[in-house]
Each structure stands twice: as C-alpha cells, then as structure tokens.
Amino acid sequence: MLTNKGTRHIIFFFGLLILNYNCSSDDRTHIPKLQPLEIPEIFSDNIIDPIIPSDNPQTKEGIALGKRLFFDNILSANGTKSCASCHSPQNAFTDNAPTSLGIDGIAGTRNSMPLFNMAWNYNERFNWDGKALSLETQAIEPVENPIELHSDWDNVVARLQAHPDYPELFDLAFNTPTITKELTTKAISQFERTLISANSKFDNYLQNQAVLSPQELNGLDIFMREDKGDCFHCHGNPNNPLWTDNDFHNNGLDSQFTDLGLGAVTGDPSDNGKFKSPSLRNLAYSPPYMHDGRFSTLDEVINHYSEGLQNSPTIDPLMKKVDEGGVQLTDQEKADLKLFLLTLTDPSFIANPDFQN
Amino acid sequence: MKKILALLGLIVLVLYSCGEDNDDNQEPQVYTTFEFTHNWDGTLITSINFNAIQYINENGDLLSIERLRYVVSDIIFSNEERTIELDIYNLIDVTNNDMSFTPQEPVPTGTYNVSFTFGLDNEDNSENLIDLNSESFNVPDNLGGGYHYMQLDGKFINSSMEEQGYNYHAIRAVENLGPNATFPQDTFFSVDLGNIVINDNVEVEVEMNIAEWFKTPNLWDLNELNQMLMPNTSAQILMYQNGQNVFSLGNVN
C-alpha cells in the first residue's frame, strides 16, 4: 500500500515533468499552467493522496475548458441538455428526480449520482455499477447514451471544432487546436476532480471549529455502533472523510433484481444486486436516494436499514438482523441518526462560485 | 595555507580509505517478499472460491467466505548476530487479490528466525494510519478506536436451515464501551515462522488455514457467534486463542 502511494506520487510527478517538458520543447507561446488540486487538510491528514492520471494533470486551462464543456448543451444531440442538466451544482451535482430524463424525455433506470471527491475513488470504478474504469472513461458514455445526451461523438467533435471559441480553448489546455473525444473527456474530468467537498459542520467539528448537539452526537454513536446502525463498515468513519468505501454492496433493497448492477458488468452472479456505496456527504441536497431513486427522504432510507431489508442470495453479510428486516432502531435513534447525517452537509460546496455556470 | 590544504587532503584520503574498507566488509543485502496464501484444511482458497457456501467448519456449520482482509505488521528477523525489526504494516486483501508485499528495507544474508504480528500492537494501533483509514478499516472510538485486525465475512446455514451472514471481525478486545473503554488483554499476536535461510532475494510463503479460526482450541458455533462480535469481549478473546494455530510457513524460494 505504501508502495502504491509512492508510485502514484512518482507517476504524477513525472506526468507534470513530461507536460512541462513538452510545452517548453515545442516552444509554444501558451503553456498550460499546472493547477494541482487544493487538498483539504482533513483529507491530507487522514487519507492517501488523490489519483491524478499521469496523462491528464490538472491545469488551469484544462479545468476552465472542462467547466465550460460541463455546462454546455453542445454535447447533446439537439442542444438542449448538458452534463449539468442532471448534475446540478445546487443538488451537489445530482438532480432531484428518481431517474433523470434524457434529451428525448425518456427516463433512465438509474438515479444521477452526486459528483464530489471523485479523485479519491481509489479503485477508480465509477457509476452505480462500476462500469466506468476511470473518470475520463466515465465521461464518454453519457454523451452517446440514447436516454441521456443521445449524441454522437463524431458530431460533437465536429461541432466543437467549428465553434468560434473551443479550438482556441483546447489549444490553450492541450497545446493542440485539434479537438478529440479523448481531450474533451480529459478536460471534463479535470473540472470534475476540482469538485471537492470538505467543509461540513462535522468537518468543522473534527477541527474543533463547531459543536455537535447531544442528538447529533448520539446519532454518530448509533452510526458507529456495530450493534445499532452499523453504518461505518460501508460508509466510513470520522477518520475517512469520504464517508464511503467506494465499494459495491447488495444492501437488501430487493429479493429479486430487475437491475443486476455490478453483476451485469462483471458477469459474476455473486455480484448481482450490488451497487456502489454513495458518499453520505450532502444528503440534504441530493434526494431521492439509492441507485434507482426509490426513497424520497432520509427517513425512508433509515427505515429501510432498520426494518425494510429484503433477503437475497447476494445480500451483503454486513447487513444485520436480515430475518427481522434490519437493525431495529427506535424512533429516537432514527431521528438522532438523521441529525448526524445532516451534519455532513456542506453549504459552501454548492455555493462555491468556481463550480457555478 | 599549504599545510592546511595538505592536512585536509590527508583527512579526505583517510576517510575515503575507511569507506572502501567498510564496503569490502559489508554483507550482501537482499529483499524479502511475503506471499500470503489461504486454505481450508489444505484446500487452496482464493477469491475465485468466494461466495459459494461450500466449507464445513469443525462444528459442522456449512459456510461461505465473501470477504477476507487482515493486517500483518512488525516483521522481525533475528539470529545470534542481530535482530532486525521492520516497523511496517500491510493490509492483506484476499478479496481484491492483494496478498503479497516486499518491505523496502533489505536484510543482510543469513539464517534468521522470522516472525510477524497478526494485527497491530497497541502502539501501532493508536496511530493515525492513513492508508488503513483510506480502506475504512477503522474501529469506532466507542469500541476503543484503532483498526480492525481482520474482517472475515460470509454466510452460513443456520439451525433453521437458512442462509445467514457472519462477521468474524477481530479487533483489540475491549470492555466498558464508550469514552472510558478498558482493554482486558491484548488480542494481537506474534506469529513465529521459524528459521529461514536468506542467501538471496527470497519469497516467503505464509499460509493461513482459515478453518483454524473455527477450530482450536475453541470450537466455534456460528449459530451462537455470528454478528456484532466487535463489542463482544469474550468473542474477541476466543478469536485471539484460535488465531494461534492459523498461520504456518509455506514454501521459501
């Protein structure tokens, strides 16, 4: 593990060197300015470094280009929707629909995932089902998905190339005015990696800059007790500010599956019904919940784990008291747990001007 | 001035000569790789064998393994000449096929008694270990804090003939849960691999017989002890006792 961390450092460092060397050796007038992620102290103190691909270092121009692309309807076939249509800043970069509508008004089958702290997804499996194996790869699929932006990459690239601004912006970001699908998704990924949320009430509590109420503290205790909520095994703990293990679990939503989740990706029946554990940050902004948006409120989510579990062959063994439907929290325990979860809300994240259109 | 320069030159020459002598006397340094393999009473287990209910423990419970990861730390090489303690730790993650590591520090060639710690000693367990944090391997503060020593999860067929989850999670045994928790006894333990000849870069296989966690000296009944074992002090001590016979030395290449 230590070796992996060191290797990532080295790869990242040489990525920066190569970029700078290429820029200077080409003798171009504009050199993309490196702009490493500003890692929050609560992250650097507690978890290993983010993953930045060696062939896509963060640059000021790349991030700016990615932001513009993220909010631009030009990526959709009919020019009506952008990434931000389903990943809105005020909703912690998700939307408020159970499943999002594509440009043709057709609803998908999955809830739009909130976007933040993605550079710390160490296993680099993205989407509810882990289908995308990097952030850059993830950004490719929605553009062409018929129930999302329903576009065609050749057409998108042609439109960008013919645009009055984009060729110059790509030149600034990547030292080439020739636009490609790969460079487009690289830029979007650079912007997405800047979406960092680390300034919730609970973050401030950990840094002795906020005080939790007795109810919130009791909620934390329920969260962290194996004989109560036992949330921590999948959703982390105060020493892991991501509040997710970024792993895949069957959390007992269904006894039979209409969506196989990870199982459809791996082809392994033992993965059927498994979906990525989402982060518990910013839940106040990101209802509805679960991969299919079936729960409108946090109360419904907590009730599910308390008495709504459905057994199936692949249910995660970490699910407790499945035969009783769940961990059987009292009404007061549920209320306190909810209050604790809401301390992970980060208002500065959704108000950050760097993240607005 | 000339005398000073001459003196400096002499000192440099002497130091250089001493350095060369030391190099001549140095023993070769080699690297050790530790490869952890897993079996059920001799039958090899990898992640490919996970998820199917196919193993029978000593108590007769039919069970599966779905997740297995554990920490090993503080590798010690000792012989009559020296003791080398590597203050390191590593997460062995069978689920994700991450089962070997090579300490960065080489050791001089020789024959050593080799041992390691299963879990983390109390000093290491009280540190903020960011790579274990990143794996969400922590133990809640209300259970004494620190880290899991092991997570072994799966399902078994219970006495009602239904599949039920189990979480054989080994941690530092704790009593009086809460901010003033106390620790009745240590539950990390040292594993002695015996003497190993290390004359070149070497790969040391360490075998874990998973069945032993359920067997000796305490017959483990999954119908009695299956989940919520972290706050169960006596269960933690039983795990500690059963763990003594779990590891053994495999091939050395």
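Taken together, the values in this text are just the output of simple stated rules run on the coordinates, not laboratory data. Note that the structure is a prediction, hence the values are computed from the model and not measured. Backbone-built Cβ (ideal geometry, glycine too); neighbour counts: all protein chains shown.
Overall shape of the protein assembly as shown was characterised from the C-alpha gyration tensor. The equivalent ellipsoid obtained from it has semi-axes of 42, 38, 23 Å, in decreasing order. Rounded to the nearest 10 degrees, the angle from helix A:153-162 to the longest Cα principal axis of chain A is 50 degrees.
Between residue A:210 and residue A:73, the FRET efficiency from the beta-carbon distance, with R0 = 60 Å, is close to 0.90.
Applying Stokes-Einstein at 10 °C and 1.306 mPa s to the Kirkwood radius of the stretch B:59-208, computed over alpha-carbon pairs, gives a translational diffusion coefficient of 91 µm² s⁻¹. Among the GluC sites (Glu not before Pro) in the stretch B:87-151, those placed in a DSSP loop whose Cβ has at most 15 other Cβ atoms within 10 Å are B:127. In chain A, a dipole from Cβ-located charges (positive for Lys and Arg, negative for Asp and Glu) runs towards its positive end, and of A:304, A:264, A:357 it is A:357 whose Cα lies farthest in that direction. In this simple spin-label model, placing a label point 7 Å from the Cα along the Cα-to-Cβ direction at both residue B:62 and residue A:255 gives a separation of 2.1 nm. Between the listed residues A:172, A:236, A:222, the Cα displaced farthest toward the positive end of the dipole of the stretch A:166-291, a dipole computed from Cβ unit charges relative to the Cα centre, is found at A:172. Entry for the stretch A:2-196 at q = 0.08, 0.09, 0.10, 0.18 Å⁻¹: log10 I(q)/I(0) = -0.27, -0.34, -0.43, -1.29, Debye formula applied to identical alpha-carbon scatterers, no solvent contribution. Annotation for the stretch B:173-253: GluC sites (Glu not before Pro) lying in DSSP loop with at most 13 further Cβ atoms inside 10 Å of their Cβ are B:224. Simple point charges give the picture: +1 on the Cβ of Lys and Arg, -1 on the Cβ of Asp and Glu, and for the stretch B:28-252 a dipole about the Cα centre of about 380 debye. Mean projection of the Cα convex hull over all viewing directions, computed for chain B: 18.9 nm². In this structure the amide hydrogen of residue B:45, modeled in the peptide plane, comes within under 5 Å of the amide hydrogens of B:38, B:39, B:40, none closer than 5 places in sequence on its chain. With everything on Cα atoms, drop me the angle between helix B:233-243 and the longest principal axis of chain B, reported from 0 to 90° to the nearest 10. Computed tilt is about 60 degrees.
Counting only Cβ charges, +1 for Lys and Arg and -1 for Asp and Glu, the dipole size of the stretch A:2-196 around its Cα centre is about 220 debye.
The phi torsions of the stretch A:254-262, fed into the Karplus equation with coefficients 6.51, -1.76 and 1.60 and a -60° offset, translate into couplings of 9, 8, 10, 10, 9, 10, 7, x, 4 Hz, rounded to whole numbers, with Gly and Pro shown as x.
Between 0 and 90 degrees, the angle of helix B:2-25 with respect to the longest Cα principal axis of chain B falls at about 40 degrees.
Dipole magnitude for the protein assembly as shown: computed about the Cα centre from +1 point charges on Lys and Arg Cβ and -1 point charges on Asp and Glu Cβ, it is near 1780 debye. Inter-label distance, residue A:335 to residue B:251: 6.3 nm, where each label sits 7 Å from its Cα along the C-beta direction.
Helical content alone sets the calculated 222 nm signal of chain A at -10500 deg cm²/dmol, taking -39,500 (n - 2.57) per DSSP H segment of four or more residues and averaging over every residue. Ordering A:117, A:151, A:107 by Cα displacement along the dipole of the stretch A:18-173 toward the positive end leaves A:107 in first place; charges were set at the Cβ atoms of Lys, Arg (+1) and Asp, Glu (-1). Taking amide hydrogens as placed 1.01 Å from N in the peptide plane, the amide H of residue A:281 sits under 5 Å from that of no residue at least 5 positions away in sequence or on another chain.
With neighbour counts taken as other beta-carbon atoms within 10 Å, the residues B:31, A:166 rank, fewest first, as B:31, A:166. The separation of the stretch A:287-357 from the stretch A:120-163, counted between C-alpha centres, amounts to 28 Å.
Each Cα pair under 8 Å and six or more residues apart adds its separation to the average, and for chain B the resulting relative contact order is 23 percent. Neighbours of residue B:91 by Cβ distance under 9 Å: Lys/Arg scored +1, Asp/Glu scored -1, total -3. Rg ratio for the stretch A:201-350: its Cα radius of gyration over 2.2 N^0.38 Å, N being its residue count, equals 1.05. Placing dummy labels 7 Å off each Cα toward the beta-carbon, the span from residue A:328 to residue B:122 is 3.6 nm.
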